[in-house]
Amino acid sequence: MVDISIADATVEQILANQKGLIAIGAGLAVGLSGIASGIAEKDIGAAAVGAMAEREELFGKGLILTVIPETIVIFGLVVAILLLFL
Amino acid sequence: MFFNRRGSKKYAYITARVRAMKSKLIQREVFPKMMNMDLAEITRFIGESEYKQDVDELAQKYSGIDLVEHALNQNLARTYRKLLRVSQDEPHYLITEYLRYWDIWNIKTILRGKYYGAPLEEIQEAVVAAGQLGYRQLVSIASMESINDIKVALENTPYHSAVSDYQGGMLSTVENNLDKLYYSRILSSVGKSKGEKLSLKFIKTEIDLKNLKTLFRTKKANLPRDEIMELLISGGAELKDGDLRRLVSLSWPDFIKSMEDYSYWSALSEVISEDMPSLIDMEAELDKYAMKYSSKVSHYYPLSILPIFDYIIRKNNEIKNLRMIARGKESALSNDIIKRHLVM
């Protein structure tokens, strides 16, 4: 790894450094919100399958309820896009 | 520990499934309608509902009330076995312990049958293979002639300790031992987390209700104090050991009066009095109380064992009601009498 001290860094190096940090932030926003929605969907999905096993007509409702936590990861995605492109 | 006690992650599937199963139970409005049917119509009605498979399977072998009786028993066993099949880890373990009730029931039935010299077919009719002992195992135990053979057959089961001292003759002691064994096992199997504490309270309430029924029956029959104490199960929620001792030593009128001190009074107040002629209403009210209580607590903590216990109680109750209606119709009882026995 190259040791860069801020005082000696050129303007290009500092800009590149900032871009890297923004990319890490965007990655965290999508990644963590993805994990969070996964945790939230785990129980809902299990419950939906359980209910469906007994009553097939609950498939539609089960599917919709299961994907509701997907909104969390969409928020993450929006934040990531804002970070990267604005 | 051989299973993970933490969290509710194993409960989402089973509780949702059990709730869906609960929605398929016969609604309470249907029972009054069934009371206007005759036995053949009732058989056809249950043959078109969730009991279709059982009625179809058994229709070749049995007819009339026997068909209904067998179909109901088989359906109960099948439903409970399904619960065991579709659950895993902690819920599976707790359901297994809870359903040992039926093993106890079956062992009692077999011993009673042997005591009164009932033929094998009759014992077979009465067993419900919903616990850990399978139907074949139960039939093979029921076909044994001597008590010693039965004891040997039960050697590798947890129930051996309760029957090991039994030498034939009066059954009350061995039946008591079996009940106590069941409740001590289930009380020790429930852990300390929030949902499990509620389950513990649920089971303790069940013990209370059982003790109350025993108390009413024995006090009414004027049994001596020591004998009643023998029959009671300790570990209840409201009726602790001290309360039980106090209640047992009271006279019948004082006993009825002292019921006011307990929360069960709300259920009992209208049906008990000093000169109550029969205990049927009291028992039906206590069963109703148990149902209401179980459905109430199952909403307090939805991702726990409680909705499953609630379903187990409701299913058993549905079967009891159907049997009551079918039996009542067969023996031409009036609708009023049948209605009094129904728990809705």
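Among the residues of segment B:158-181 satisfying the criterion of being buried (at least 18 other Cβ atoms within 10 Å of the Cβ) and in a loop (DSSP other than H, G, I, E, B), which is farthest from the chain's Cα centre (by Cα)? Once the filter is applied, the top-ranked residue is B:Tyr166.
Looking at (1) in contact (Cβ under 8 Å) with a residue 12 or more places away in the chain; (2) surrounded by fewer than 14 Cβ atoms within 10 Å (Cβ to Cβ); (3) more than 14 Å from chain A (Cβ to nearest Cβ), which is the one condition that is false for B:Gln88? B:Gln88 satisfies every listed condition except (3). Does A:Ala9 satisfy the condition of being away from chain B (no Cβ under 14 Å) and surrounded by fewer than 17 Cβ atoms within 10 Å (Cβ to Cβ)? The answer is yes for A:Ala9. If I filter segment A:10-20 for residues that are closer than 29 Å to A:Gly76 by Cβ, part of a helix (DSSP H, G or I) and in contact (Cβ under 8 Å) with a residue 24 or more places away in the chain, do I get at least one hit? So far as segment A:10-20 goes, no, none of its residues is closer than 29 Å to A:Gly76 by Cβ, part of a helix (DSSP H, G or I) and in contact (Cβ under 8 Å) with a residue 24 or more places away in the chain. Looking only at residues in segment A:23-56 that are of a type in the set (Val, Ile, Thr) and more than 14 Å from chain B (Cβ to nearest Cβ), the one that is least open to solvent (accessible area, probe 1.4 Å) is A:Val30. What about B:Lys82, is it outside any loop (DSSP other than H, G, I, E, B) and open to solvent by 70 Å² or more (accessible area, probe 1.4 Å)? Criteria not met by B:Lys82. Going residue by residue through segment B:56-66, is there one that turns out to be touching a residue at least 40 places away in the same chain (Cβ under 8 Å) and within 14 Å of another protein chain (Cβ to nearest Cβ)? Taking every residue of segment B:56-66 in turn, none turns out to be touching a residue at least 40 places away in the same chain (Cβ under 8 Å) and within 14 Å of another protein chain (Cβ to nearest Cβ).
Entry remark, segment B:297-344: residues being within 21 Å of the chain's Cα centre (by Cα) and open to solvent by 70 Å² or more (accessible area, probe 1.4 Å) number 4 in total.
Applying the set (1) under 28 Å from B:Lys292 (Cβ atoms); (2) under 17 Å from the mean Cα position of the chain (by Cα); (3) away from every other protein chain (no Cβ under 14 Å) to B:Arg28 leaves exactly one unmet item: (2). Checked across segment B:129-143, the condition of being out of contact with any strand residue (DSSP E or B) (no Cβ under 8 Å at 6 or more places or on another chain), more than 30 Å from B:Pro302 (Cα to Cα), β-branched (Val, Ile, Thr) and open to solvent by less than 30 Å² (accessible area, probe 1.4 Å) holds for at least one residue.
The values are calculated or read from the model by the stated rules, or taken from the named source; none is laboratory data. Everything numeric here is computed off the predicted structure, so don't read it as measured data. Positions of Cβ are backbone-derived with ideal geometry, glycine not excepted, and every protein chain shown enters the neighbour counts. Surface accessibility is based on the protein's heavy atoms, side chains included, excluding ligands, DNA and RNA. Shrake-Rupley method; radii C 1.70, N 1.55, O 1.52, S 1.80 Å.
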